[in-house]
Amino acid sequence: MPAQVQRFRCLKKRWAIPDARHQQRTDRLVVMDTKRPTVPEAEEILGGYFPVLDHGFVALVDYMGTDRDIERAARVSYGAGTRKVSQTRGLIRYLQRHAHTTPSEMVEFKFHCCMPMFVARQWVRHRTASVNELSARYSLLPLKFYRPEQPNFAHQSRVNNQGREAEPAPTTLYREAVERWDALREGAADAYGWLLEENVARELARIDLPLSTYTQWYWKIDLHNLLHFLTLRVDAHAQWEIREYGRVMAGMLKRVAPLAYEAWLDYNVLGTRLSGAERAALAKLLEAEDGGLAVRDGATGLSRKELGRLGLAGREIRELLAKIEAPERPDFSLDLADMRDAAEMEEKMDAAVPVVDRREL
């Protein structure tokens, strides 16, 4: 296989792997014990690839730390075997509830991700991770392009300038869009291959590939910043495509640090912030009584006009009404039947790399 073709590394779990000069001696491979904190549920998916969209994926390559490491960092003590799970859970929930974030920075995740370039450009706005992206100046890009499925193809939203309508656009419009996409991508791929055959520098040959082209990177981030990323990217207001990546990564988080995952769901995903005016509105309706909540005497509700007098604009009123609706608890659990191994993903991407028959110079 040509040296310039971008290849996957063979991902191994925490085994003692002989170096490349001794790969033929795999019959002597020894599984070694580790003193590092591990989680069986996380080890089960380590190095496994979960497909996202039509050609993308996310793999948990490695992790450092667990729920217990958050507690140990918070208490600055080891206390191994002296704490109950309920005590660890209580502390983690307290830390998350009060935004004490430093202990969660002690847990880290390393992912291998493949996504369309337009998703990558949204993703990289989170500048709190270490990123190493596939270089199209050095490697040949697999010519894989993202095509939205018909249910996710919609008109521009009438109320959100950066979103789409919930209902899909007509099938006839979708078919025409696909025809135009295919024609554009075929032309771009043909031009890319021709420029490479003419030995034009790869950094120039790539410049007209569309934003639908898939790219890859390794992405390492601590738990605190991962939670911030996921809070924004699994939200219903985020673009659907990046939400799909957030959904899979949240499932991986659940396996590494289930107590932190639970607290994140409760306080970040399902929780909400209230403005001063919103608190004032609720205080007109509810009061504390005997350690619980009770309806205030004489409270009959608040009209839109009365909410306006409290300082809430029309959009704020709509958002408040949405906040007080009981949230539906999402389930980001991974389906292990979806997991693929590295070799399968490698083969898929290698097959999409253009075969270059260079002209004689």
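Only one of the numbered conditions (1) among the basic types (Lys, Arg); (2) under 30 Å from residue 201 (Cα atoms); (3) assigned to a loop (DSSP other than H, G, I, E, B) is not met by residue 273, and that is (2). Residue 271 passes every criterion in (1) without any contact (Cβ under 8 Å) to a residue 12 or more places away in the chain; (2) over 30 Å from residue 67 (Cα atoms); (3) surrounded by 12 or more Cβ atoms within 10 Å (Cβ to Cβ) apart from (2). Among the residues of segment 287-317, write down those that are under 18 Å from residue 274 (Cα atoms), among the charged types (D, E, K, R) and exposed (fewer than 10 other Cβ atoms within 10 Å of the Cβ). If the condition is that a residue be under 18 Å from residue 274 (Cα atoms), among the charged types (D, E, K, R) and exposed (fewer than 10 other Cβ atoms within 10 Å of the Cβ), then 315 is the only one that fits.
Taking the conditions (1) at pLDDT 95 or above; (2) farther than 16 Å from residue 224 by Cα; (3) of a type in the set (Phe, Trp, Tyr) in turn, residue 111 satisfies each one other than (2). Scanning segment 170-222 for residues that are in a helix (DSSP H, G or I) and of a type in the set (Gly, Ala, Ser) turns up 177, 183, 187, 188, 189, 191, 193, 205. The residues of segment 31-74 that are part of a loop (DSSP other than H, G, I, E, B) and either free of Cβ contacts under 8 Å to residues at least 24 places away in the same chain or within 30 Å of residue 149 (Cα to Cα) (or both), listed by number, are 31, 32, 33, 34, 35, 46, 47, 48, 53, 54, 55. Among the conditions (1) more than 30 Å from residue 307 (Cβ to Cβ); (2) surrounded by fewer than 10 Cβ atoms within 10 Å (Cβ to Cβ); (3) of a type in the set (D, E, K, R); (4) under 26 Å from the mean Cα position of the chain (by Cα), residue 346 misses just one, which is (2). You will find that of 180, 175, 185, the residue that is touching a strand residue (DSSP E or B) at 6+ places or on another chain (Cβ under 7 Å), more than 30 Å from residue 330 (Cα to Cα) and of a type outside the set (A, V, I, L, M) is 185 and no other.
Within segment 152-168, residues that are in a loop (DSSP other than H, G, I, E, B) have Cβ atoms under 6 Å from residues that are aliphatic (A, V, I, L, M) in these pairs: 153/169; 154/169; 155/169; 165/154; 168/154, counting only partners at least 6 apart in sequence or on another chain.
Yes or no, residue by residue, for (1) closer than 27 Å to residue 149 by Cα; (2) in contact with a helix residue (DSSP H, G or I) (Cβ under 9 Å, 6 or more places away or on another chain):
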position: 188; (1), (2): yes, no
position: 201; (1), (2): no, yes
position: 220; (1), (2): no, no
position: 225; (1), (2): no, yes
position: 253; (1), (2): no, yes
position: 276; (1), (2): no, no
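Of the numbered criteria (1) under 24 Å from the mean Cα position of the chain (by Cα); (2) open to solvent by less than 70 Å² (accessible area, probe 1.4 Å); (3) not hydroxyl-bearing (Ser, Thr, Tyr), the one residue 188 fails is (1).
Answer yes or no as to whether residue 169 is over 19 Å from the mean Cα position of the chain (by Cα), within 20 Å of residue 349 (Cα to Cα) and surrounded by 12 or more Cβ atoms within 10 Å (Cβ to Cβ).
Working: over 19 Å from the mean Cα position of the chain (by Cα): yes; within 20 Å of residue 349 (Cα to Cα): no; surrounded by 12 or more Cβ atoms within 10 Å (Cβ to Cβ): yes.
Here the answer is no, as residue 169 does not meet what is asked.
Taken together, the criteria exclude residue 175 from residues that are surrounded by fewer than 18 Cβ atoms within 10 Å (Cβ to Cβ), among the basic types (Lys, Arg) and modelled with pLDDT under 95.
No other residue among 223, 204, 230, 195 is open to solvent by less than 50 Å² (accessible area, probe 1.4 Å) and free of Cβ contacts under 8 Å to residues at least 12 places away in the same chain apart from 195.
Mind listing whichever residues of segment 105-150 are in a strand (DSSP E or B) and open to solvent by 20 Å² or more (accessible area, probe 1.4 Å)? Residues satisfying the conditions are 108, 110, 130, 131, 132, 133, 145.
Pick from segment 250-291 the residues that are touching a Phe, Trp or Tyr at 6+ places or on another chain (Cβ under 7 Å) and aliphatic (A, V, I, L, M): which of them is nearest to residue 120 (Cα to Cα)? In this case the residue turns out to be 250.
The values are calculated or read from the model by the stated rules, or taken from the named source; none is laboratory data. Quick caveat: nothing in here was measured; it's all calculated off a predicted structure. As a convention, Cβ positions derive from the backbone with ideal geometry for all residues, glycine included, and neighbour counts pool all protein chains shown. For accessibility, only protein heavy atoms count, side chains too; no ligands or nucleic acids. Shrake-Rupley method; radii C 1.70, N 1.55, O 1.52, S 1.80 Å.
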